[in-house]
Amino acid sequence: MTPWWKNAVVYQIYPKSFQDSNGDGIGDLKGIISRLDYLEKLGVDAIWLCPIYKSPGADNGYDIADYEAIDEQFGTMADLDKLIQKARQHHIRIVMDLVVNHTSDEHKWFIESRKSRENPYRDFYVWRDKPNKLTSAFSGSAWQYDEATKQYYLHLFAKKQPDLNWKNPKLRQKIYDMMNFWIDKGIAGFRMDVIECIGKEPDQEITANGPHLHEYLQEMNRETFGKKDFLTVGETWSASLADAKKYIDPKRHELSMVFQFEANSLDQVGASKWDLKKPDLAELKAILTKWQENLAWNSLFWENHDIPRVISRFGDDGKYRVEAAKMFAIMLHLLKGTPYIFNGEEIGMTNCPVESIDDVNDIESRNMYFAGLEKGKSKEELLRSINAKGRDNARTPMQWDDTANAGFTTGKPWLHLNPNYREINVKACLADKNSIFYTYQQLIKMRHNYPMLVDGDFKAVATSDNIFAYERVLGDEKWLVVCNLTKEEATFTSEYKIQNALISNYPARTTLQDITLKPFEAFACQVTC
Ligand code: GLC
Ligand code: CA
């Protein structure tokens, strides 16, 4: 049986920023329901819903206080049930975010755990007498002293996100029960937050890829989704090709696919995402090629709620915004794997720079800023990093139309809107047959209709650095995809003849011999020798 996600496209929703239905400035479940027609028009097969569980919101929902309750700001369990049911009527499945490396410090397990060293929940978390050198992804030590029991607890993320102890079989069973609760509700998959960290060995300072990681995933698979037609995608920041092969090997019964982030460090120097450098496009090509040639199934994405908008980052969000957005879409969606679209990407939303830390919401950016000031860095330098890489860039509210607050809310939005919403919005895109939206719509249709995209082999084509070209080959059929990665014209030539034009962001090409590609030009065609 072919799993449902093989020819599917997943749309990621950041619920807080998608659509507010009650004027409190915060996106909610009813808001998402009201936009299902739009998503059906786009053609996506599934929604990956970022966390909507009960949470104090220290990390916008990635700090969960109750896995089986909906946070009031998003609505009720009845609203979620309705979303699952209504989405089904629009041929859209729901993929939930599974955050099980840590909980909120307000989760009842942690409230118990911190009460005494003898508490039955003590070992649900990681407690030590002394901290070691482990640091939090959100700056500072990963250990927090807790006065009540005079020990330190581990938090690889914020202080309000204590790490769960996966060595404890009782904890693991609770997690599996919770997963089954959601599976029984009729969801179609889980996106697994920082799943590579659950096998951590804090005493050896191992966070990702611990020795028992794959064992836990196999157990999870057996105890929960293993026998279902279900999508599981692991967020694995440090996965090498060899790691990824393990996660997705069908014989190992772990996950469907992983998000790997090798291309994500192209615009940084060294280990810190905040130390900026100009991305080298030749490296981007090399990375994409390596993963396409060597991994049986990839997840394909440019954006998510943690990383900047792709056109601002690797392309052009000014003069050639539309061409660049379509080029990145064509380049990615014709590769082998499951494509993910982050809300707003399909209309070419851009990064949203700020002038002051007061306008920054994201905990990662804020912690980095204040830690940086202490180390003597300048405000200007810190803001430059935040404007390039900060997570708020992708989290500004969805731009639906050109009315006040872009139709996102009638109240005061929880996070500022990108002022360019008057030009860049869904309404304008839908009204323009040549918009980025329709390129995405066409790419999604292609994924549904052409076995080539699922089963065809990938072959890189040698070109100059500023062009990325590849073939897809299935039986006697051959496709050629050509993308100019830059705003400069670029020359390209091929011996092939065009049999059939498939998609392009400029008028369709009729020949491949000695052509001059326009800025950010991309096209795909069926070819013969
Ligand atoms: C993942 C999430 C991110 C979150 C972190 C901690 O990387 O995508 O948003 O802050 O995990 O849960
Ligand atoms: Ca609301």
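Long-range amide H contacts for ILE341: which residues qualify at under 5 Å (H placed 1.01 Å from N, peptide plane, sequence gap of 5 or more or a different chain)?
Those qualifying (amide H under 5 Å, at least 5 residues apart or on another chain) are VAL10, TYR11, GLN12.
What is the Cα centroid distance between the range 1-70 and the range 463-488, reported in whole angstrom?
Answer, in whole Å: 34.
Please list 3J(HN,Hα) in residue order for the range 121-136, calculated via the Karplus relation 6.51 cos²θ - 1.76 cosθ + 1.60 where θ = phi - 60°; whole Hz, with x for glycine and proline.
Per-residue couplings from phi come out as 8, 3, 7, 6, 10, 10, 10, 9, 6, 9, x, 10, 7, 4, 10, 7 Hz.
Would you please classify the overall shape of the chain from the alpha carbon gyration tensor, given that a ≥ b ≥ c denote the square roots of the eigenvalues, rounded means a/c under 1.5, and beyond that prolate means a/b larger than b/c while oblate covers the rest?
Note, shape of the chain comes out prolate.
Using θ = phi - 60° and the Karplus curve 6.51 cos²θ - 1.76 cosθ + 1.60, what whole-Hz ³J(HN,Hα) does each residue of the range 468-475 get, with Gly and Pro shown as x?
With coefficients 6.51, -1.76 and 1.60, one gets 10, 10, 8, 10, 10, 10, 9, x Hz.
Would you please state which residues of the range 217-259 a label at TRP4 would reach in this model, taking the label point 7 Å out along Cα→Cβ and a backbone N cut-off of under 12 Å?
Counting only backbone N, you get 228-232.
Stretched out fully, how many nm does the piece from LYS319 to GLU423 gain, at 0.36 nm a residue minus the Cα gap?
36.1 nm
Rounded to the nearest 5, what % of the DSSP beta bridges within the chain are antiparallel ones?
Of those bridges, close to 60 percent are antiparallel.
Using a simple spin-label model with points 7 Å from Cα along the Cα→Cβ vector, what separation in nm is obtained for ASP457 and ARG117?
The two pseudo-label positions are separated by 6.2 nm.
Give the long-range amide H neighbours of PHE259: residues separated by 5 or more places, or on another chain, with amide H under 5 Å away, using H modelled in the peptide plane at 1.01 Å from N.
GLY234, GLU235, THR236
For the range 318-386, which trypsin sites (Lys or Arg not before Pro) are in a loop by DSSP, counting at most 12 other Cβ atoms within 10 Å?
Loop-located and lightly packed - LYS319, LYS375.
Please list, in chain and number order, the residues 5+ apart from VAL461 or on another chain whose amide H is under 5 Å from its amide H, with Hs placed from the backbone.
Result for VAL461 returns ALA469, TYR470, GLU471.
Just to check I understand the Karplus step: with θ = phi - 60° and J = 6.51 cos²θ - 1.76 cosθ + 1.60, what whole-Hz values come out for the range 355-371, glycine and proline as x?
Values per residue, Gly and Pro as x: 9, 8, 4, 4, 8, 9, 9, 4, 5, 5, 5, 5, 4, 4, 4, 6, 5 Hz.
To make sure I understand the rule: partners must be lysines, Cα under 22 Å from the Cα of LYS427, and not fewer than 8 residues away in the same chain. Which ones qualify?
Partners within reach: LYS16, LYS30, LYS41, LYS319, LYS326, LYS412, LYS445.
Specify the inter-centroid distance of the range 94-139 and the range 343-383, based on alpha-carbon positions, in whole Å.
Result: 27 Å between the Cα centres.
Does the range 325-414 come out rounded, prolate or oblate by the C-alpha gyration tensor, with a ≥ b ≥ c the root eigenvalues, rounded set by a/c under 1.5 and, if not, prolate when a/b is larger than b/c and oblate if not?
oblate
Kindly identify the range 275-371 as rounded, prolate or oblate by the Cα gyration tensor criterion: order the square roots of the eigenvalues as a ≥ b ≥ c, call it rounded if a/c is under 1.5, otherwise compare a/b with b/c, prolate if a/b is larger, else oblate.
prolate
For every other residue with a beta carbon closer than 12 angstrom to the beta carbon of ILE357, add +1 if it is Lys or Arg and -1 if Asp or Glu, then tell me the sum.
Net local charge, ILE357 excluded: -4.
Highest first, please rank the peptides 387-394, 439-446, 102-109, 116-123 by the mean number of other Cβ atoms sitting within 10 Å of their residues.
My ranking of the peptides, most packed first, is 387-394, 102-109, 439-446, 116-123.
Let's test the formula: R0 of 22 Å, r as the Cβ-Cβ distance of SER378 and ASP358. What FRET efficiency results, to the nearest 0.05?
Result of the calculation: an efficiency of 0.85.
In what sequence do THR486, THR338 fall when counting other Cβ within 10 Å, fewest first?
Starting with the residue having the fewest Cβ neighbours, the order is THR486, THR338.
For THR135 and ASP402, calculate 0.36 nm times their separation in residues minus their Cα-Cα distance, and state this gained length in nm to one decimal.
Gain on stretching THR135 to ASP402: 91.8 nm.
Out of the GluC sites (Glu not before Pro) in the range 322-366, which ones are loop residues according to DSSP with at most 14 other C-beta atoms within 10 Å?
GLU355
For a quick check: sort GLU205, GLU303 by the number of other beta carbons within 10 angstrom, fewest at the front.
So the residues, fewest neighbours to most, are GLU205, GLU303.
Using r as the Cβ-Cβ distance of LEU276 and ASN22, and R0 as 35 Å, what FRET efficiency do you calculate, to the nearest 0.05?
After rounding, the FRET efficiency stands at 0.35.
How high is the FRET efficiency between ILE206 and LEU266 when r is their beta carbon distance and R₀ equals 30 Å, given to the nearest 0.05?
0.70
Values in this text are rule-based calculations from the coordinates and carry no lab data. Computed from a predicted structure; not experimentally measured. Positions of Cβ are backbone-derived with ideal geometry, glycine not excepted, and every protein chain shown enters the neighbour counts.
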